[in-house]
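**Student:** Quick one: the structure is below, and I'll ask about it shortly.
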Amino acid sequence: MAERDPTICLHKSALDFQRFLTTETKSFSTQDVFILLIGETGAGKSTLIDFLANFFRGGSVRNMQRVVQSHLEVNAGDTTRSQTRNCTTYPFSLGPVRFHLIDTPGIGDTDGPERDDENVAKIMLKAEAAGSLSAIIIVANGTNHRATTNVRTVLAKLQNSMPDSFEKNLVVALTNRSKQGTPYPVADLIPWPIQADRIFYMNNVAGDFGSQCSADEDDLMELEGYWNRSMIGIGRLLRLIMQLVPVSTSEFTTMRNRLDEIKGELISVMQDIRALHSLQGKIEGLIEQTKGADIGITEFAHFKQVTNTTRTILEDANFYSLLCFNHLDSICCEDCTVAAISRPNDSSAPSPFSPRVRADLRIRTLSLFDEQRGNRLYLYWCQKMDRFGSCLICGCGALSHFRAKKKMTTRTESIQSTLKEMKDKYDAACREKKDLIGQTTSAKSELEAMKTLLKKKEQLIEVYCQQIKRICKNFNFTQELSAAVAAMKANTKSIRHRGTLDDANRLIGNFEELITSLTEGASEATTSNSSLNQGATSGA
């Protein structure tokens, strides 16, 4: 904190102000007074700070003190470009009160709107960090009767970002002019309503520090006249500021937080819209799968139908038949009378063979009998055997045949395995359909829940906007949220589902209507303020 040297002789106006501070100190709500200075590039903010420094430190025309020192100004000498790139606080003390003068980057310089936007953001953050502001001094060049468009635009941006509670703490300082002469068109420059007693004048001639060393006595006396009037004006200005009720800057924080929350919710809405699109696609896919399951159910619904098939099987019989080991699916000679004879020379056995052939067979069969020690000689008497001992039916030899009381029977049977397979497929299709219906129901419930959540987010965004509107009636929602709305519109280009696209367009349309209605209200308020300024200027 820059403390004043008590040995320094203060100007009479400063002494009067010091007594005022000492006498009225108990009526002040704070001992720390924060004053924010805003102004056009080259309007004289730094000069005003130097005047205030001399007021607090006892400076004079012959002993001027300079605290700004172009304070690292990057474009010294170029009045079209801001001499200050960052916000700087200059502390002073007088009596029991500590004053904090906050110098800010100039607005409306030739670096373009991007620089102005950057400077506005710096000013808002610095104001928020102060904790409270007793006054906001708008410094304007009193010789420039026609404010440039970009300066008016930047001041409008400041108005769109500043809580309305600070309007009653606004003060205008017109540099390079006196109160006499043609009234300054405050309404053409300042978008806020400014009362006539809040407009102060300061002649910068007395602050021409560079020429004071070469000035003669007459010039110095003339400068002292300007100086004294400036000191008197600064005393009036500070006395007014001390009578103003400091305004907490917490509303800057609230506005910034709400704006961040609005943008965050808009991003969340865009993500939810994408999720809706994905979920809607999932539901459509489940519906198509359910249709496929229905087709399967229909196809396998007749699993209870009995499919009959005819089979030929061996059954027990009361007569002998001739069978082959290699062909058990058929009988070579059914109800074979020869097969029932145990001796080949049995005269009762009929034979189709001639006596000579029968004699040859007997010789061979006897020899075979001896070799096999079996009972197969009778087979050669069967008419199904040729003279070489091969079956005329299956083609196998005598040793492959045997006799048994069997017969071949045809039966009709059901093929249970095939029906079971159909039943399994039917059951699988039913389970699949049930599962798909469950998934679809769950997805639809999730879809409705997401739509409800989107509606709540939409309402929450409107609540946040209204909260900002109550803090700053001139807040420019179009400027702040246009990028987010444009991003939402770009997002809809990838949406293919008609229903989701309709929901997205409805949401975007609602946001645009809300933004338009809030911004139109701000425009009406600005027009009203301009009318009030016209009256204040005329009164001044």
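The values are calculated or read from the model by the stated rules, or taken from the named source; none is laboratory data. A quick note: this is a predicted structure, and the numbers were derived from the prediction, not measured. In this analysis, Cβ positions are derived from the backbone assuming ideal geometry, glycine residues included, and neighbour counts consider all displayed protein chains. Note: areas computed on protein heavy atoms with side chains; ligands, DNA, RNA excluded. Shrake-Rupley method; radii C 1.70, N 1.55, O 1.52, S 1.80 Å.
**Student:** Starting from the Cα-Cα distance between LYS425 and SER494, subtract it from 0.36 nm times their residue separation and give me the gain in nm to one decimal.
**Tutor:** Length difference between fully extended and current span is 20.9 nm.
**Student:** For the pairs LYS168/LYS469; LYS455/LYS489; LYS157/LYS489; LYS168/LYS455, flag any whose C-alpha to C-alpha distance is greater than 29 Å. Before the final figure, lay out the partial values.
**Tutor:** Numbers: LYS168/LYS469 18 Å; LYS455/LYS489 18 Å; LYS157/LYS489 26 Å; LYS168/LYS455 38 Å.
LYS168/LYS455, as the Cα separations exceed 29 Å there.
**Student:** Tell me, in nm to one decimal, what length is gained between ALA449 and LEU399 on full extension, where the rule is 0.36 nm per residue of separation less the Cα-Cα distance? Numbers along the way, then the final one.
**Tutor:** Numbers: separation 50, 0.36 × 50 = 18.00 nm, distance 8.44 nm.
Using 0.36 nm per residue and subtracting the Cα-Cα distance, I get 9.6 nm.
**Student:** What ranking, highest mean first, results for peptides 34-47, 116-129 when packing means the other Cβ atoms within 10 Å averaged over each residue? Each step should come with its number before you reach the end.
**Tutor:** Details: 34-47: 24.7, 116-129: 18.4.
Most protected by this proxy first, the peptides run 34-47, 116-129.
**Student:** Rank ARG177, ARG411, ARG236 by accessible area, highest first, at a 1.4 Å probe radius? Provide the component values of the computation, followed by the final result.
**Tutor:** Working: ARG177 30, ARG411 105, ARG236 135 Å².
The ordering from most to least exposed comes out as ARG236, ARG411, ARG177.
**Student:** List the aspartates and glutamates whose Cα lies under 14 Å from the Cα of LYS384, skipping any in the same chain that are fewer than 8 positions away.
**Tutor:** GLU334, ASP335
**Student:** Students often forget the sequence filter, so: which lysines lie under 17 Å Cα-Cα from LYS420 once same-chain residues fewer than 8 apart are removed?
**Tutor:** LYS304
**Student:** While we're looking at this one, here's another question. Work out the FRET efficiency for GLU261 and LYS304 from their Cβ-Cβ distance, taking R0 = 45 Å, and round it to the nearest 0.05.
**Tutor:** On the way: r = 64 Å, r/R0 = 1.42.
Efficiency computed from Cβ-Cβ geometry: 0.10.
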